[in-house]
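For reference, the structure discussed in these notes is given below.
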Amino acid sequence: MEQYIIKGGNPLVGEVEIGGAKNAALPIISAAIMTDETVTLENLPDVNDVNVLLEAIERIGAQVERVDRHTVKINGSTIGDCSVEYEFIKKIRASYYLLGALLGKYKRAEVPLPGGCNIGSRPIDQHLKGFRAIGAKVEISHGSIIARADHMRGSHVFLDMVSVGATINIMMAASMADGRTIIENAAKEPHVVDVANFLNSMGADIKGAGTDVIRIRGVERFHRSTYSIVPDMIEAGTYMFAAAATKGDVMVKNVIPKHLEAMTAKLEEIGCEVEEFDDAVRVVASKRLTRTHVKTQPYPGYPTDMQPQIGVVLALASGTSIVTESIFENRFKYVDELARMGASVKVEGNTAIIDGVAGFTGARISSPDLRAGAALVVAGLAAEGITIVDDIVYIQRGYEDFEGKLRTLGAEIERVASEKEIQKFKLRVG
Ligand code: UD1
């Protein structure tokens, strides 16, 4: 099992390039199989979740050709099987996007029901409600969702809560239904807009993505497209908060600054300087940061995927902060690990009350999930001494070359797989 070993204390300084958004790439790869012509996807992040999904579409018969590390050609004309194996959904929940894609194109799909996961219970009732509204029969049998339709027709879908996954899944299926679908209370995240743009580039007719009403006119077939994935706002945000936690000065490049505004606002509020450029933001933290309150919300609110990262920064800021998690119930698992590094945090229900401490000390900790794991690495970078992070496979699901990018910013971090390598690192850093 691999681990990260970190010697903390260096301010992160320099430039870092952000890759394509994992949460846009996953539905876009799924949607790419909806045409029988070849789709070229560029700026794909080379992360585990993306690679597993590419394998999953190959397994149902699609052709996948790697052009380079970030470019892939997909051809869905050879798909012979509309049922996805449990092995894939177990590794990556978002393979449920194949439901919407297969249902749209072939009017049938079978995907195992995803279970719960580390950040809490994650029902998909809204996805299924949407599929039913546009004419699919959906049943759950032997652990799988089986969706079929003789005829899919446009409809009016009102989501009970703002859901990224449901918005995208329904949008994909409806883009090949007969007539007009309206999704109300839709999610407005940049990755929802990116998927709509990609579908439109293949010939779909989708309007309003990025607002809470999306209008879709179904078309019969899609055609070839070449599309570049939007920059990852969560990867970008993670480096912005890493700069803040280590009192650094980091230029985060290849981003859309507008997508980062909720994070930028919080960083400025607690005392960082944030400078915006056309496609970059620079974060400078030159003094001790101060307390604030933050509540996670759907976009354009403060993202739940950035909650652990701000938690780590506030645990080092002066004063008492309150962090409220309103999207997923189980996103404070990192707090116990952080306590082992000296943080003072009390969790009550969906709220964490954080009393800032002057510094963390390195410890052996483990990564509870993807974003919490990344946040704990940031904590290790800010801590005095050595930190070892276990279970980093979660982090590799969503961050390309995390340790390499951090090293270019001056971090002392290495991926190790044995006690011998740990000793070697310790000897080297002294
Ligand atoms: C996506 C992101 C995840 C991010 C989340 C919120 C991907 C692969 N994952 O997850 O990183 O944290 O958006 O920005 O893109 N809900 C229901 N029923 C449903 C669907 C959702 O009750 O049918 C609830 C969820 O439990 C949650 C809330 O709605 O409380 C929002 O979930 P949703 O936006 O759907 O998250 P995901 O798409 O799963």
Tally of residues being in contact with a Lys or Arg (Cβ under 9 Å, 6 or more places away or on another chain), near the ligand (Cβ under 9 Å from one of its atoms) and open to solvent by 20 Å² or more (accessible area, probe 1.4 Å) across the stretch 118-139: 1
Answer residue from the stretch 287-346, given it is within 22 Å of the chain's Cα centre (by Cα) and basic (K, R) and is least open to solvent (accessible area, probe 1.4 Å) among those: R331
Checklist (1) touching a Leu at 6+ places or on another chain (Cβ under 6 Å); (2) free of Cβ contacts under 8 Å to residues at least 12 places away in the same chain applied to A243, failing item: (2)
Pairs, first over 18 Å from G120 (Cβ atoms) and at pLDDT 95 or above in the stretch 292-311, second open to solvent by 20 Å² or more (accessible area, probe 1.4 Å) and near the ligand (Cβ under 9 Å from one of its atoms), C-beta under 6 Å, six or more apart: Y299/E189
Where a residue in the stretch 342-367 is within 14 Å of R331 (Cα to Cα) and its partner, wherever it lies, is among the aromatic types (F, W, Y) and modelled with pLDDT under 95, with Cβ under 7 Å and at least six apart: S367/Y394
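Per-residue answers, yes or no, for (1) buried (at least 19 other Cβ atoms within 10 Å of the Cβ); (2) assigned to a strand (DSSP E or B):
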{"residue": "E15", "(1), (2)": "no, yes"}
{"residue": "P45", "(1), (2)": "yes, no"}
{"residue": "V50", "(1), (2)": "yes, no"}
{"residue": "E55", "(1), (2)": "no, no"}
{"residue": "S77", "(1), (2)": "no, no"}
Hits in the stretch 179-196 - residues which are under 20 Å from S155 (Cβ atoms), open to solvent by 10 Å² or more (accessible area, probe 1.4 Å) and within 13 Å of the ligand (Cβ to nearest atom): N185
Scan of the stretch 97-132 for residues that are part of a helix (DSSP H, G or I), of a type in the set (A, V, I, L, M, F, W, C) and either in contact (Cβ under 8 Å) with a residue 40 or more places away in the chain or not assigned by TED's automatic domain parsing to the domain that holds I216 (or both), ordered by number: L98, L99, A101, L102, L103, F131
Yes/no for E37 being free of Cβ contacts under 8 Å to residues at least 40 places away in the same chain, open to solvent by 20 Å² or more (accessible area, probe 1.4 Å) and over 18 Å from Y239 (Cβ atoms): no
Qualifying position, being among the small types (G, A, S), closer than 20 Å to Y239 by Cβ and in contact (Cβ under 8 Å) with a residue 24 or more places away in the chain, among S326, S286: S286
Boolean, E275 is in a strand (DSSP E or B), without any contact (Cβ under 8 Å) to a residue 40 or more places away in the chain and away from the ligand (no atom under 15 Å from the Cβ): yes
Residue match in the stretch 163-178 (condition: in a loop (DSSP other than H, G, I, E, B) and surrounded by fewer than 23 Cβ atoms within 10 Å (Cβ to Cβ)): no
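The values are calculated or read from the model by the stated rules, or taken from the named source; none is laboratory data. In this text the structure is predicted, and so the values were computed from the model without any measurement. Because the Cβ atoms are built from the backbone with ideal geometry, glycine has one as well, and the counts that use them run over all protein chains shown. Heavy atoms of the whole protein, side chains included, go into the accessibility calculation; ligands, DNA and RNA do not. Shrake-Rupley method; radii C 1.70, N 1.55, O 1.52, S 1.80 Å.
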